[in-house]
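A short write-up of the structure that comes next.
The values are calculated or read from the model by the stated rules, or taken from the named source; none is laboratory data. Note that this is a predicted model, so its numbers are computed, not measured. Using ideal geometry, Cβ is built from the backbone for each residue, glycine included, and neighbour counts are taken over all protein chains shown.
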Amino acid sequence: MAITLVNPTGLPEIDVYRQVSVASGSKLVFVAGQVAWDAGGVTVGEGDLSAQVEQCYLNIATALAEAGGSFEDVAKLTVYVVDWTPDKMPPLLEGISRAAAKLGATPTPPATLLGVAALDVPDHLVEIEAIAVLD
């Protein structure tokens, strides 16, 4: 694998992601921000943050597979959540957990979570982008 995920001594251990990813591959893959659209462009999980997070992760997995990769190759995620408040963490984690179960892997690369006022369309509650490194 081109990515090694670590939690350095002296930094807090966070269950849902690692603090550092070390990339040794040579092929960079930049996945555009994915929203909760299915293949036909229909929003999945309208009003349901967990369902939308799950769909975003599944869309990222689809994009990575096209490039020959998987979540094991992801070096960094950026998550944008509309009107973020800490009480949204449980549904966010639930969506990640459901996606991980479907993908057969727990996606834990370093991540940044940002609260935003709005996304591309009012129905979208979350958008997630990824950077991956492949051998």
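Laid out as a table, the results:
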| item | result |
| --- | --- |
| ALA111 under 10 Å from the mean Cα position of the chain (by Cα) and either surrounded by 20 or more Cβ atoms within 10 Å (Cβ to Cβ) or in contact (Cβ under 8 Å) with a residue 60 or more places away in the chain (or both) | yes |
| Matching residues, region 114-135, being over 21 Å from ARG18 (Cβ atoms), buried (at least 18 other Cβ atoms within 10 Å of the Cβ) and touching a Phe, Trp or Tyr at 6+ places or on another chain (Cβ under 6 Å) | GLU127 |
| Which listed residue is touching a helix residue (DSSP H, G or I) at 6+ places or on another chain (Cβ under 8 Å), at pLDDT 95 or above and under 19 Å from THR108 (Cβ atoms), from GLN34, GLN52 | GLN34 |
| Every pair of residues 6+ apart whose Cβ atoms lie under 7 Å, when the first sits in region 69-85 and is farther than 11 Å from ALA111 by Cβ while the second is charged (D, E, K, R) and surrounded by fewer than 21 Cβ atoms within 10 Å (Cβ to Cβ) | VAL81/LYS88 |
| Verdict on ASP120 being over 21 Å from ILE3 (Cα atoms), assigned to a loop (DSSP other than H, G, I, E, B) and of a type in the set (D, E, K, R) | yes |
| Segments classed as strands (runs of 3 or more DSSP E), wholly inside region 1-108, with at least 3 members that are buried (at least 19 other Cβ atoms within 10 Å of the Cβ) | 27-34, 74-82 |
| Residue tally, condition closer than 16 Å to GLU129 by Cα and either touching a Leu at 6+ places or on another chain (Cβ under 8 Å) or small (Gly, Ala, Ser) (or both), over region 61-101 | 18 |
| Residue among GLU94, GLU66, GLU46 that alone is acidic (Asp, Glu), at pLDDT 95 or above and either touching a Phe, Trp or Tyr at 6+ places or on another chain (Cβ under 7 Å) or closer than 30 Å to SER24 by Cβ (or both) | GLU66 |
